[in-house]
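First comes the structure, then the notes that go with it.
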Amino acid sequence: MYKVTNIKEGVKLRDYATYATLLPLVNEFENEAALVTPDLEKVCIWMINSTAQGGGVAEMLPRMLSIMRQIGLNVEWLVMESDETAFFEFTKKVHNLIHGQGDPSVSEQEKKIFHHVSEVNKASLLAQVKDKDIVILHDPQPIGLARILKENRDVKVIWRCHIGLDVSNEQTEAAWTFLQSYFQYIDHFVFSAPEYIPKGLTGNVSIIYPGIDPLSHKNRELQTYKLAGIFGNAGLLDSEHPKVTPDFTHKVQRLQPDGSFALASHGEDIGLLYRPIITQVSRWDKLKGFLPLMKAFVHLKKNKDQFCDVQSRAARIVETVRLVLAGPDPDFVSDDPEGKRVLKELSDFYLSLDKSEQQDIAICKLPMESVKENALIVNAIQRASYLVVQNSIREGFGLTATEAMWKQVPVLASNACGLRHQIRNHIDGVLVQDPEDEVAIASHLCDLLGNDTKVENMGFNAQKRVIDHFLIFHQIEAWLKTLHGIISD
């Protein structure tokens with residue numbers, strides 16, 4: 001375990017207030033914070049998770065911690081490290097079980113590995129955490145540290161679970177049975193939706209929605225020349241026009257017809273600046289629904305006459321639309337060993353397609369060496385999209401949907417719990433009841449591609465929805481109330 005020290009202050013809190021849409025939120029946030037920070041300044045708050053990059057938690061923490069520091073709190077971030085591949089294989093299994101998927105059996109060997117990795121980090125943990133501190137453990141990977149902390153330090157321990165499922169089955173029961181052996185060491189629990197709270201857990205529970213930073217590199221406004229420049233810098237666009245900033249050191253890799261990955265601008269231009277684009281950006285996870293989305297897109301292209309009038313505008317858009325599936329280079333996401341397998345499955349399906357079908361699909365690995373460059377690439381791709389899709393079979397919350405909504409890009413999403421908490425059907429976006437129903441997905445895609453007025457209206461509604469509920473200020477304000485309640489007990 002090591003202390004993450006590269007948390008830059010970044011945008012000042014009052015800088016947000018220079019934006020008219022954010023001024024009321026900032027003022028309210030500062031007023032609420034002033035009521036509780038005098039008590040919270042007396043303690044050190046530790047955030048612990050299992051990776052410094054890749055995924056929503058690692059992306060969310062630095063900005064959240066920066067703002068918490070700006071209002072006077074002493075907040076630190078620890079990342080739980082391990083060379084034990086079996087540990088992350090097991091925690092990924094637990095992740096899938098919480099989402100109701102996978103083999104429900106948990107072996108004694110898996111429990112032993114989980115316990116071992118927690119113990120290996122013991123000395124480093126206790127060297128840093130002191131009595132009276134507050135420790136927040138994020139997701140299943142570090143929950144084993146709760147016992148170590150409570151047995152050796154006089155601290156408050158919070159478990160923040162970012163994932164969940166709104167129904168119960170054999171898999172979810174297996175996950176909660178395993179995790180509940182650590183619940184006795186937890187003082188407070190935080191979930192992203194009421195539906196995710198396991199049976200029998202009452203009283204010491206809070207609901208906190210995740211939130212996005214509107215001025216981060218992933219969400220800030222991009223003028224057209226900046227957007228085009230990012231595409232050029234990242235290798236997504238081959239152009240002789242001059243760029244204001246130098247090329248990125250590491251560039252986007254795109255799956256080629258021979259099965260290799262090469263510079264994304266290699267071969268025919270994707271058309272990000274010229275064609276209507278449908279985009280899904282997520283980790284390479286089977287629960288994100290990439291494959292059924294790709295199959296639905298191919299079905300739409302092959303059978304567009306069944307979905308729209310051949311003389312209609314929708315039909316012309318369907319002819320020119322392209323699908324971009326993008327995710328982090330799986331070599332750089334240490335706590336998700338499944339990523340390479342999922343990307344391989346998607347690649348195999350792509351390679352089975354006709355050449356004309358391959359030309360309309362871009363499967364891209366996004367570089368992770370620079371957090372800033374990765375964020376700018378995602379920002380540019382989302383802003384260039386006609387429609388963003390989040391076709392998750394399961395979704396704890398889905399900040400990629402939130403990001404698109406903030407950018408006034410409507411979202412076609414599954415009816416997974418975390419997504420329907422954000423999107424009001426046919427108001428802020430459209431919800432698909434079954435993310436594995438290729439025909440239904442194709443039908444919804446065609447409907448949205450042919451209705452510019454509806455798409456524009458939903459985009460405006462979506463941004464207002466995010467401003468009202470899902471910005472980082474709402475999230476931190478909820479955390480302040482939770483933390484103050486814990487130290488007041």
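The values are calculated or read from the model by the stated rules, or taken from the named source; none is laboratory data. Predicted model only: the values in this text are computed from it and were never measured. Please note: Cβ atoms are built from the backbone with ideal geometry, for glycine as well, and neighbour counts cover all protein chains shown.
Residue-by-condition table, conditions (1) in contact with a strand residue (DSSP E or B) (Cβ under 6 Å, 6 or more places away or on another chain); (2) at pLDDT below 95:
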{"site": "K340", "(1), (2)": "no, yes"}
{"site": "E345", "(1), (2)": "no, no"}
{"site": "D354", "(1), (2)": "no, no"}
{"site": "Q359", "(1), (2)": "no, no"}
{"site": "L366", "(1), (2)": "yes, no"}
{"site": "N379", "(1), (2)": "no, no"}
{"site": "N391", "(1), (2)": "yes, no"}
{"site": "V411", "(1), (2)": "yes, no"}
Report, by residue number, each residue of region 24-83 that is among the charged types (D, E, K, R) and either within 17 Å of K156 (Cβ to Cβ) or not in a helix (DSSP H, G or I) (or both).
-> D39, E41, K42, E76, E81, D83
Return yes when A58 is assigned by TED's automatic domain parsing to the domain that holds V157, buried (at least 17 other Cβ atoms within 10 Å of the Cβ) and either of a type outside the set (S, T, N, Q) or over 24 Å from the mean Cα position of the chain (by Cα) (or both) and no when it is not.
-> yes
When you go through (1) over 27 Å from S168 (Cβ atoms); (2) assigned to a loop (DSSP other than H, G, I, E, B) one by one for H116, which number turns out not to apply?
-> (2)
Counted residues, region 104-135 - those being at pLDDT 95 or above, among the charged types (D, E, K, R) and either farther than 16 Å from W77 by Cα or not assigned by TED's automatic domain parsing to the domain that holds A175 (or both) | 6
Here the residues within region 232-266 that are of a type outside the set (A, V, I, L, M), over 14 Å from K365 (Cα atoms) and surrounded by 15 or more Cβ atoms within 10 Å (Cβ to Cβ) are G232, N233, K243, F248
Exactly one of (1) without any contact (Cβ under 8 Å) to a residue 12 or more places away in the chain; (2) part of a loop (DSSP other than H, G, I, E, B) is unmet by E9. Its number?
-> (1)
Among the listed residues S107, S82, which satisfies the condition of being of a type in the set (S, T, Y), closer than 16 Å to L179 by Cα and without any contact (Cβ under 8 Å) to a residue 40 or more places away in the chain?
-> S107
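Does L287 fit the bill of being part of a helix (DSSP H, G or I), touching a residue at least 12 places away in the same chain (Cβ under 8 Å) and crowded, with 17+ Cβ neighbours inside 10 Å? Please lay out each step first, then the result.
On the way: part of a helix (DSSP H, G or I): yes; touching a residue at least 12 places away in the same chain (Cβ under 8 Å): yes; crowded, with 17+ Cβ neighbours inside 10 Å: yes.
It is true that L287 is part of a helix (DSSP H, G or I), touching a residue at least 12 places away in the same chain (Cβ under 8 Å) and crowded, with 17+ Cβ neighbours inside 10 Å.
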Could you please find all residues in region 142-187 being closer than 19 Å to H116 by Cα and in contact with a strand residue (DSSP E or B) (Cβ under 7 Å, 6 or more places away or on another chain)?
-> P142, I143, L145, A146, L149, K150, Y185
Which one of these does L272 not meet: (1) surrounded by fewer than 17 Cβ atoms within 10 Å (Cβ to Cβ); (2) closer than 28 Å to E357 by Cα; (3) at pLDDT 95 or above; (4) not small (G, A, S)?
-> (1)
Output yes when any residue across region 388-399 is among the aliphatic types (A, V, I, L, M), surrounded by fewer than 22 Cβ atoms within 10 Å (Cβ to Cβ) and touching a residue at least 12 places away in the same chain (Cβ under 8 Å), and no when none is.
-> yes
Just for helices (runs of 4 or more DSSP H) wholly inside region 404-489: which have at least 3 residues that are within 18 Å of the chain's Cα centre (by Cα)?
-> 417-420, 452-469, 472-488
Which one of these does I393 not meet: (1) of a type in the set (A, V, I, L, M); (2) closer than 13 Å to Q280 by Cβ; (3) assigned to a helix (DSSP H, G or I)?
-> (3)
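Name the residue, out of D305, D309, that is assigned to a helix (DSSP H, G or I), surrounded by fewer than 19 Cβ atoms within 10 Å (Cβ to Cβ), free of Cβ contacts under 8 Å to residues at least 24 places away in the same chain and over 15 Å from the mean Cα position of the chain (by Cα). Before the answer, list the steps.
Working: D309 fails: assigned to a helix (DSSP H, G or I).
D305 is the lone residue from the list that is assigned to a helix (DSSP H, G or I), surrounded by fewer than 19 Cβ atoms within 10 Å (Cβ to Cβ), free of Cβ contacts under 8 Å to residues at least 24 places away in the same chain and over 15 Å from the mean Cα position of the chain (by Cα).
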Here are D336, D354: which of them is charged (D, E, K, R) and buried (at least 20 other Cβ atoms within 10 Å of the Cβ)?
-> D336
Residues in region 356-374: is at least one over 17 Å from the mean Cα position of the chain (by Cα), in contact (Cβ under 8 Å) with a residue 40 or more places away in the chain and in a helix (DSSP H, G or I)?
-> yes
